[in-house]
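All of the numbers you see were taken from the coordinates with simple rules; none came from a lab. A quick note: this is a predicted structure, and the numbers were derived from the prediction, not measured. No Cβ is skipped: glycine too gets one built from the backbone with ideal geometry, and neighbour counts run over all protein chains shown.
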Amino acid sequence: MKGFAMKKIGSVGWIEKEKPTIGPNDALVKPTAISPCTSDVHTIWAGAIGERTDMILGHEAVGIVEEVGELVKDFKKGDRVICAAITPDWNSIEAQGGFAMHSGGMLAGWKFSNFKDGVFAEYFHVNDADGNLALIPDEIDDVAATMVCDMMPTGFHGVELADVQYGDNVLVIGIGPVGLMAVAGATLRGAAQIYAVGSRPNCIELAKEYGATEIINYKNGSIEDQIMNLTNGKGVDKVIIAGGDNDTFATAIKVLKPGGIIGNVNYLGEGEFVKIPRIEWGVGMGHKTIAGGLMPGGRRRMEKLLGIVKAGRIDPSKLVTHKFEGFEHVEEALFLMKDKPSNLIKPIVIIK
């Protein structure tokens, strides 16, 4: 089969590989829509997870089941399905402990384009199909469904990690696609003021549509000064980090109230250390919690998120600004994510 791969750090291209074989609990899926991610960019050009050779890229896809193993109970050839970006081994010790995304080791539930070939191929393999696939309701098109693979669950996980509660004042740092979904998730959780950090006009417009009450443009001055001015020096209850770099944690700590929580879902692709300002962290005793986590995967989460979309509470398809028709456009879509033109939020490739 044909696939678009990371050949080595800094190099990508088309390759030919054998079609994956499946085990008794697995499935083979033919993608009908795929989307590149900033995570792919970090992996390829920053070498964030180390060298990978001829590894097919991608972890966001919906498609049609081509084949299932003999022990798969709930899916069959021809089913229209979604697969989360994270595909845990659900019988693992880590899953039993509540951290399925780390099944088999740190981040090991993240298999696509990390430990095994991803979804930018004519077919992709899904382990534990009954646990990792979900049927897509007829009312949801492929564009919206593909945004439920990673962008929506990751943004929502930032909200969960920060434990956003009714009436909380929340800062969302970074309003790319994940941050926009964090804004939407915080709105659903009942946040009061939602301060969204960004500068691109289309992202600002969509952040407001999803529930942001104030926009913090870092080009107009420091985030800390703007937040403290808007909150009369009090700061915020919760911070969700969905963009930035290793220094962004310093900003989050400085504007967070004692007792507050930072939820990080940003993929830190470079550097050795995260900087935490000692004084603003209460010299280590400020009750300012930092929680960072890989999004949960699995069928149950996909079904729940698809239910939110089906009910009309959120339309994640609004994230998509660039739409391509045909598998051959994967490379073009990926380089859009690398170059990030000002009008980009998220690209998608439709394969029929």
Q. Looking at (1) without any contact (Cβ under 8 Å) to a residue 24 or more places away in the chain; (2) within 24 Å of Thr154 (Cα to Cα); (3) out of contact with any helix residue (DSSP H, G or I) (no Cβ under 8 Å at 6 or more places or on another chain), can you tell me which one Glu214 breaks?
A. (3)
Q | Number of the condition not met by Ile314 [criteria: (1) surrounded by fewer than 16 Cβ atoms within 10 Å (Cβ to Cβ); (2) out of contact with any Pro (no Cβ under 7 Å at 6 or more places or on another chain)] | A | (1)
Q) Quick one: how many residues across the stretch 214-250 are under 22 Å from the mean Cα position of the chain (by Cα) and within 19 Å of Val283 (Cα to Cα)? A) 3
Q. Can you find a residue in the stretch 89-109 that is touching a residue at least 40 places away in the same chain (Cβ under 8 Å), out of contact with any Phe, Trp or Tyr (no Cβ under 7 Å at 6 or more places or on another chain) and β-branched (Val, Ile, Thr)?
A. no
**Q.** the stretch 62-86 residues that are closer than 16 Å to Pro20 by Cα, paired with ones that are hydroxyl-bearing (Ser, Thr, Tyr) (beta carbon under 9 Å, 6 or more apart)
**A.** Gly63/Thr32; Gly63/Tyr123; Ile64/Thr32; Glu66/Tyr123; Glu67/Tyr123
Q. What strands (runs of 3 or more DSSP E) lie completely within the stretch 105-195 and have 2 or more residues being over 22 Å from Cys83 (Cα atoms)?
A. 170-173
Q) Can you tell me how many residues in the stretch 49-93 are assigned to a strand (DSSP E or B) and buried (at least 21 other Cβ atoms within 10 Å of the Cβ)? A) 10
Q.
Against the conditions (1) touching a Phe, Trp or Tyr at 6+ places or on another chain (Cβ under 7 Å); (2) at negative phi, where does Gly69 fall short? Just the number, please.
A. (1)
